[in-house]
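Since every read-out is calculated from the coordinates, none of them should be taken as a lab result. Quick caveat: nothing in here was measured; it's all calculated off a predicted structure. All Cβ positions, glycine included, derive from the backbone under ideal geometry; neighbour counts span all protein chains shown.
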Amino acid sequence: MVSEYHLSTPLTDDVLKKLKIGDIVYISGIMVTARDEAHETALELLEKGEKLPIDLKGLVLYHCGPVAIKKDNKWQIVAAGPTTSMRMESVEHEFIEKTGIKMVVGKGGMGKKTAEAMKKFNAVYAVFTGGAGALAAEKIKEVKDVYWLDKLGVPEAMWVFRVEEFGPLIITIDTEGNNYYEIRLNEVAQNGERVKEALKQYKWT
């Protein structure tokens, strides 16, 4: 049975453990963006024993390269659609472990290494609808800060947003490591095998 949750950051383990794949979530509070280069930059700093410019414990990480403009010396987000999350699969497990991020948001699902990290460190992955960048921007009420802009550029920089009711997000990896996409792909493969077995009784000319 699907449940709906309205959560605020920082997210806690007791709340996250309630979330199951398929549940719908809306987030209010602080959300931080990071794509490939921001992940690499953050992990390099941590490897050197340096601190990140923001404490990410309990926060939401969004795989997103926003479209942003500066007006009256303030940043405004025009669009903030999700980036394909598998681009970050090779480093996400380490990022979760070292930063304390509790929710990752993106599109397209993530793999086994990320699911294992989420089970180990009590985190979840959720998808936001691709192509809905304008809707996402409406939920971003304020740009709190932006880091590494000069080094990485607008899409790859780490943006810090204050969001209200950001969603709907659908949980696709929960704290037990259950992975919705993996489950469905296995079902498709099994159905395919059954179809092939059933077709063997027919002779094709």
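Using only side-chain charges placed at the Cβ, +1 for Lys and Arg and -1 for Asp and Glu, the dipole size of the chain relative to its Cα centre rounds to 440 debye. Where only DSSP H runs of four or more residues are counted, the chain gives -9500 deg cm²/dmol as its mean residue ellipticity at 222 nm, each run worth -39500 (n - 2.57). Proximity of backbone amide H atoms, modeled 1.01 Å from N, is registered between Ser28 and Leu7, Ser8, Thr9, Glu165, Phe166 at under 5 Å, excluding neighbours fewer than 5 places apart on the same chain. Length gained on full extension, Arg87 to Ala134: 14.7 nm, using 0.36 nm per residue less the C-alpha separation.
Extending 7 Å from the Cα toward the beta-carbon at both Val78 and Leu43 defines two label points whose distance is 3.2 nm. Take 172-179, 14-21, 56-63 and order them by the average number of nearby Cβ atoms within 10 Å per residue, most first; the result is 56-63, 172-179, 14-21. Taking a ≥ b ≥ c as the square roots of the eigenvalues of the alpha carbon gyration tensor, region 43-123 is oblate, as a/c is not under 1.5 and a/b does not beat b/c. Quote the relative contact order of region 21-135 in percent (integer), defining contacts as alpha-carbon pairs under 8 Å separated by 6+ residues. In percent, rounded to a whole number, it is 25. Seen from Val143, the other residues with C-beta closer than 12 Å to its C-beta sum to a net charge of +4, counting Lys and Arg as +1 and Asp and Glu as -1. Of the residues Met110, Val60, Asn122, the one whose Cα sits farthest towards the positive end of the charge dipole of the chain is Met110 (charges of +1 on Lys and Arg Cβ, -1 on Asp and Glu Cβ, taken about the Cα centre). Dipole check for region 1-50: with +1 at the C-beta of Lys and Arg, -1 at the C-beta of Asp and Glu, and the Cα centre as origin, the magnitude is about 320 Debye.
In terms of packing, defined here as the mean over residues of other Cβ atoms within 10 angstrom, the peptides 127-134, 97-104 line up highest first as 97-104, 127-134. Residues in region 34-44 carry Karplus couplings, in order, of 7, 10, 3, 5, 5, 4, 4, 4, 4, 5, 5 Hz; the curve used is 6.51 cos²θ - 1.76 cosθ + 1.60 with θ = phi - 60°, and Gly or Pro positions show x. For Lys102, the residues whose modelled amide H falls within less than 5 Å of its own, excluding neighbours fewer than 5 places apart on the same chain, are Gly58, Leu59, Leu61. Neighbours of Glu47 by Cβ distance under 14 Å: Lys/Arg scored +1, Asp/Glu scored -1, total -2.
Rounded, prolate or oblate: which fits region 1-99, taking a ≥ b ≥ c as square roots of the Cα gyration tensor eigenvalues, rounded meaning a/c under 1.5, else prolate when a/b beats b/c? It is oblate, given that a/c is not under 1.5 and a/b is not larger than b/c. In region 1-146, a dipole from Cβ-located charges (positive for Lys and Arg, negative for Asp and Glu) runs towards its positive end, and of Ile69, Ala136, Met88 it is Ala136 whose Cα lies farthest in that direction. Pop the C-beta distance of Lys51 and Lys20 into the FRET formula with R0 = 25 Å and round what comes out to the nearest 0.05. Efficiency for this residue pair is about 0.15. Modelled spin labels at Lys144 and Glu4, positioned 7 Å past Cα toward Cβ, are 2.6 nm from each other.
Taking 1 over the mean of 1/r across every pair of different Cα atoms in the chain, what Kirkwood radius in Å do you get?
For the chain, the Kirkwood estimate is 17.8 Å.
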